[in-house]
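Below is one structure, written out as structure tokens, with a few remarks after it.
The values are calculated or read from the model by the stated rules, or taken from the named source; none is laboratory data. Source: prediction; values computed, not measured. Counting neighbours? That spans all protein chains shown, and the Cβs are built from the backbone with ideal geometry, glycine included. Ligands, DNA and RNA are stripped out before the accessible areas are found, and what is left, the full protein with its side chains, is counted by its heavy atoms. Shrake-Rupley method; radii C 1.70, N 1.55, O 1.52, S 1.80 Å.
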Amino acid sequence: MGVQKEPKQAIKNAPGTWGIFYGLFWYTNLMKLIFPKGFYWGASTSAHQVEGNNHNSWSEWEKKNAERLASEAKDGTDVWKKWESRDMNRFPEMFEKDNYISGDASDHYNKFKEDFDIAKTLSHNTHRFSIEWSRIEPEEGKFDEKEIGHYLDVLHALRERGIEPFVTLWHWPLPVWLEEKGGWENKNIYKYFEKYAKKIADTLGDKITFWITLNEPEVFSTLSYLKGVWPPQKKSYFLYRRVIRNLVKAHKSAYIVIKEKTPQAQVCVAKHNVYFEAYENRVVNRLLKLVSDWWWNDWFLKQIKGFQDVITLNHYHHNRINYGFHKNENEKVSDLGWELYPESLGKMASELRKYKLPIYVTEHGLADADDSRREWFILESLKYLHEAISNGADVRGYLHWSLFDNFEWDKGFWPRFGLVEVDYKTKERTIRSSAQVYKKICESNMLEL
Ligand code: BGC
């Protein structure tokens with residue numbers, strides 16, 4: 001008996017035993033990054049990129065420009081140069097005219113229930129989509145009740161699956177009649193946008209909490225009116241300023257009508273912010289960072305101050321500024337040649353703390369056709385996002401771009417941003433393995449290192 005007692009006693013008294021258990025418990029928990037309770041996990045899409053068969057300002061532009069874009073890809077002219085050194089031959093579709101025509105896209109318009117079943121299987125509890133203005137108001141002042149009914153079905157389908165919708169009202173294309181009236185250059189566009197927003201608030205408002213009036217106004221105005229590469233392809237500082245003014249006005253008017261109808265609504269614009277970093281912390285670079293932050297990241301948000309309830313962040317880019325040039329190290333890049341720099345998501349969230357509003361990441365992702373970098377990129381980026389949350393950033397959701405492959409604007413179909421792959425011929429969906437890794441995070445609300 002004495003012999004039996006001795007080892008038990010020894011274990012009980014051993015100072016190290018509980019210490020080891022405690023240490024292990026502490027260590028395993030340290031390896032778990034738990035996100036705030038009720039965190040939203042999901043993915044985003046936009047109407048023109050996924051629905052198929054839209055007739056709007058973009059679809060018209062595609063018809064006129066597809067040939068040119070395909071031949072620019074062949075010639076390796078300016079826009080395409082950066083891909084030349086990379087394995088462009090992996091994506092021969094970029095040389096084909098059809099790549100640049102959205103056509104029936106991923107046919108999400110007809111397959112939305114199937115797609116939301118996939119989102120549910122992947123344990124998403126939120127989803128961002130956009131309403132296509134040109135479907136709702138195909139002719140000036142004539143609202144199409146059948147199409148409104150379609151989006152009502154979309155909202156029901158999400159809610160039935162326990163998925164919270166984030167709804168964007170304008171993700172870039174305009175109805176053709178409005179583009180013909182000058183689109184965003186028209187000083188009255190805010191009135192048209194207000195009417196459209198009111199119609200949606202009146203008919204679908206009770207099904208929506210999170211509203212994004214405009215998607216990335218700064219990206220649209222820069223690419224369409226300063227750089228002149230997107231429709232309507234103008235290059236004028238004067239027009240750019242006018243368009244920004246009209247976008248600000250449109251957001252504010254929509255904000256007011258939405259809040260009148262549904263005061264509990266959480267309304268904002270999806271803001272595309274870039275993480276500017278001063279190379280080697282040099283004074284000149286720090287000054288340039290200040291200017292860049294002001295112009296690209298803060299200017300629009302400051303103009304709509306008081307007219308937003310949350311911040312929705314779309315984030316893709318890091319720019320290490322060196323005397324006005326990028327000094328990115330580009331060790332890892334996406335298929336589009338964009339640097340993959342996971343730290344920047346956390347930095348961005350931290351920089352947004354100054355607005356003292358809840359933050360939702362509503363886009364973040366990469367073009368990665370063979371799914372070789374997506375898992376790493378998601379895990380690493382979320383690690384830094386968690387760090388920002390621990391340091392006080394009030395981040396309440398993360399929506400990956402994108403739920404499935406889609407039409408990437410002037411680049412067409414070849415860049416593959418989806419957690420789910422789409423075979424554009426058969427429209428078959430295949431879940432990528434990175435999506436399964438993301439699923440584990442979504443269902444456990446934590447990241448295990
Ligand atoms: C846009 C998306 C686009 C994504 C990837 C975002 O700026 O909102 O429509 O697909 O970037 O380029």
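Remarks
- Partners for K332 among aspartates and glutamates (Cα-Cα distance below 15 Å; same-chain residues under 8 apart left out): D87, E343, D368, D370, D371, E375, E380
- Surface/4 estimate of mean projected area, convex hull on alpha-carbon atoms of the range 161-242, nm²: 6.3 nm²
- Candidate cross-link partners of K234 among the lysines, defined by an alpha-carbon separation under 20 Å and a same-chain spacing of 8 or more, comprise K63, K64, K181, K187, K411.
- Dipole of the chain, positive end: most advanced residue of I131, A265, H315 [Cβ charges, Cα centre]: A265
- The candidates I256, I163, arranged from most to least accessible area with a 1.4 Å probe in the full protein assembly, appear as I256, I163.
- Ordered from longest to shortest, the equivalent ellipsoid semi-axes for the range 87-177 are 26, 23, 11 Å, each the square root of 5 times a Cα gyration tensor eigenvalue.
- Remark on the range 157-205: Rg and Dmax equal 14.0, 41 Å (Cα only).
- Above-threshold pairs, the threshold being 18 Å between Cα atoms, out of K111/K195; K289/K347; K142/K252: K111/K195; K142/K252
- With R₀ fixed at 35 Å, the C-beta to C-beta distance from K383 to E67 puts the FRET efficiency at about 0.20.
- Sorted into 5 angstrom bins from 0, the C-alpha pair distances of the range 270-408 split as 2, 10, 18, 22, 20, 16, 9, 2, 0 percent.
- Convex hull (Cα only) mean projected area of the range 237-347, reported in nm² to one decimal: 8.9 nm²
- For the chain, the alpha-carbon coordinates run over 97, 49, 47 Å along the three principal axes, in decreasing order.
- The calculated FRET efficiency for D423 paired with L287, based on their beta-carbon distance and R0 = 41 Å, is about 0.25.
- Value of [θ]222 nm, deg cm²/dmol, for the chain, DSSP H segments ≥ 4, -39500 (n - 2.57) each, nearest 500: -13500 deg cm²/dmol
- Between T209 and W177, the simple label model (points 7 Å from Cα in the Cβ direction) yields a spacing of 3.6 nm.
- Modelled spin labels at E96 and K327, positioned 7 Å past Cα toward Cβ, are 4.4 nm from each other.
- The share of alpha-carbon pairs in the range 30-74 lying farther apart than 14 Å comes to 70%.
- Kirkwood analysis of the range 171-313, using all unique Cα-Cα pairs, places the hydrodynamic radius at 16.2 Å.
- Approximate spin-label separation R353-E260, in nm, with each point projected 7 Å along Cα-to-Cβ: 3.9 nm
- Within the range 160-183: backbone nitrogen closer than 17 Å to the E140 label point (7 Å, Cα to C-beta): 174-183
- Top positive-direction residue, dipole computed over the chain with Cβ charges, set T168, F413, A369: T168
- Listed peptides 222-233, 41-52, 189-200, 317-328 appear in the order 41-52, 189-200, 222-233, 317-328 once ranked by packing, highest mean of other Cβ atoms within 10 Å at the front.
- Expressed as a fraction of 2.2 N^0.38 Å, the C-alpha radius of gyration for the range 378-439 is 1.40.
- Shape summary of the range 124-179, radius of gyration then Dmax from alpha carbon positions: 12.7, 37 Å.
- Summing Cβ point charges (Lys, Arg +1; Asp, Glu -1) relative to the Cα centre of the chain gives a dipole of roughly 1700 debye.
- In summary, the aspartates and glutamates within cross-link reach of K97, defined as a Cα separation below 15 angstrom excluding same-chain residues under 8 places away, comprise E60, E62, E67, E72, D75, E408, D410.
- Solvent accessible area, Å² - K354, 1.4 Å probe, full protein context: 120 Å²
- Cα-based radius of gyration of the range 338-449 once divided by 2.2 N^0.38 Å, which approximates compact folds: 1.13
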